[in-house]
1. What's the percent breakdown of Cα-Cα distances in chain A across 10 Å bins, shortest bin first?
2. Within a 10 angstrom radius of each residue's Cβ in A:352-362, how many Cβ atoms of other chains show up on average? Whole number is fine.
3. If you stretched the chain out fully between residue A:306 and residue A:319, how much longer would it get, using 0.36 nm times the residue separation minus the C-alpha to C-alpha distance?
4. Multiplying the sequence separation of residue A:115 and residue A:89 by 0.36 nm and subtracting their Cα-Cα distance, what value in nm do you get?
5. Can you give the Rg to Rh ratio for the stretch A:133-260, taking only C-alpha atoms and Rh from Kirkwood?
6. What are the semi-axes of the equivalent ellipsoid for chain B, taken as the square roots of 5 times the Cα gyration tensor eigenvalues, largest first, in whole Å?
7. Calculated FRET efficiency, residue B:15 and residue B:98, Cβ-Cβ r, R0 60 Å, to nearest 0.05?
8. Ranked from highest to lowest mean number of other Cβ atoms within 10 Å per residue, what is the order of the peptides B:11-22, B:36-47, A:280-291, A:52-63?
């Protein structure tokens, strides 16, 4: 087999006191496609960023052509033939395709830009990629697939030997994916080394030569992709012992408080139906982009949606978030930094923002607000100085504050989106305790999560979404990681595949 | 722990005001005379009343460039209505009340229009109010046929006490300004409305996800500002008894400048009404001092005001970085 062009050799990476990558080794070879798979948070993106020179490793070695290398900047990595394409693209939306491809390396004739030369070269690169988009079109008007091709053309112009792609197909339709895969094969034939991540195991199976599976910041398996079928990949990705992280499940749930049938959120989700009982935790699993968040934002009046919703048996129409709140229905966002908290304000103003009317009798009663903050700090174990802006609190404390803020308006039905994103394990356990406690108090809870273990450990019942639809519902022992992953990825159960 | 720099942003404008007062008093003994003080305050009242409304708009992340021409248009409309009602109503309190009602209603409608375009249709506040600024300025020019609209002489004499009269030697504009400031300060500091304005200006997504009625609060800030422009016009018309295409020229810039000098953030999220009052006073004192002394030509008033505005924003930026 050819010598690796770019490799990680026993690379670890820590953020503060937390090590997120433990001794990872990974080798990219010219003329081969390498797939990196693993659950969210397994350390894939960190590994990719270290490869592409975005971050240095804390320990271990990055080798370029066998020699230990430390990239001073992304620019240096790029100059040495390594390009990374991000999931959300790195293009100037208001510039044209050719302007983007030549951004920072414009061809000049004297003082002026040599537009004909740039246009001709852009055409050449795009033709190579079998992409027929006009070179003078603005990037903002392009399809995701054409944007992807523009990124690849940009990489080609820089004579890329290693192309790293973070979930390149997550935003593509299946037809666009087929086009991309054809281009990836073409690049492979030209001798480029390609690394990509994907949650779609059928794609991985279809194109990868080499395969690395990561779990919890470490490589659990690495080798020839032909050795693993999709079922074996899924098992290796999730095969983890359940820790004692989750509280005991509650008693049998009470009466139905929420019935949703045929909910449509245009562009994101279709025909979503489910019920929710008092004292129950309903888990919602699915890949990122499967429409989980949008479904529940639609339900709670945060985006346009149609469908039949009954709260405690009564048909309701919810067009605005405050209408949902009046019905005792509240959505707790996954994005605490840009949608959850006012980072420039203090704890008190954040805590009471949603339930301000409870503290207002003509004027705001700040003494009552302070008392509520005292109680919240005690109840949810929020640590940190009250005088600082909320933006300066740790992620875990921000999440607890967001939690306290939502609960202050005493919703009976709470949708919690990614309750533990970016928080440490100790806080996670606390959050799980709070959530189970709320259910035991008689509230009905929906937990949306990308972490399979979280969904299984916490939920009484699991709804799995795939491509904007409910792919299935699992309860009790049937809600295994394996079953969820299969439904979320649209892979048939092992028995059926065999049959 | 608050850093000393935060305190600086609080005392900064106050300090500047004190320096101006000391400077003024030392340069001209008549500076602190009652007549001069009330004169400065009364002249500040128009901009001041508007600037209090502007504080809410800016705190909620908005902007209104149309207030100067809106004031001119309302003044012109008010004069036209009062003049044409004169034969039927005669000189008296009813016709003045009619004029006031017209001013308030016009302010309400104008504020509503700006607010609906901005909050419901989601058009940039800068664009909407730049447009309405041009429209009102043009409308008043058209109403006055390029010249001046004058209130009937008898009516003007009857209405004049609203500007020149007062209680216990304090003129009405000052009293109304003080009331607007007190109500504004309480509203900003201790009501859900004020808190919601700051939340929306800070991050409207967070406000939306916290069930705040974002569009309604935004609309309300423009309506309140429109009403306050109406109030300011009611006090302004009896001063000269006329309106022309030059009425209220650059008031929007003075009002915005006063708000910024007072420590409200131009990008929204934090506002203080008392700061705005200090901003208004600083701006008018500069003009007054230049008029009373011959150190610098009064024609340089605009240059000094401009420099102070830029300085205030630089100080604000330093404050943020210091945290």
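Computed from the coordinates by the stated procedures, all read-outs in this text should not be read as laboratory data. This one's a predicted model, so the numbers in the text were calculated from it and none came from an experiment. Note: ideal-geometry Cβ built from the backbone for every residue, glycine included; neighbour counts use all protein chains shown.
1. 4, 17, 25, 25, 18, 9, 2, 0
2. Values: counts 3, 12, 7, 2, 9, 2, 0, 2, 5, 0, 4.
Per residue, the average neighbour count from other chains is 4.
3. Details: separation 13, 0.36 × 13 = 4.68 nm, distance 0.94 nm.
That pair, residue A:306 and residue A:319, stretches by 3.7 nm at full extension.
4. Values: separation 26, 0.36 × 26 = 9.36 nm, distance 2.42 nm.
The span from residue A:115 to residue A:89 would gain 6.9 nm if fully extended.
5. Details: Rg = 20.3 Å, Rh = 18.0 Å.
That ratio is 1.13, to two decimals.
6. Numbers: eigenvalues 196, 142, 57 Å².
Each semi-axis is the square root of five times an eigenvalue, giving 31, 27, 17 Å.
7. Values: r = 46 Å, r/R0 = 0.76.
FRET efficiency, residue B:15 to residue B:98: 0.85.
8. Numbers: B:11-22: 15.5, B:36-47: 20.0, A:280-291: 23.3, A:52-63: 17.6.
Ranking, from highest mean packing down: A:280-291, B:36-47, A:52-63, B:11-22.
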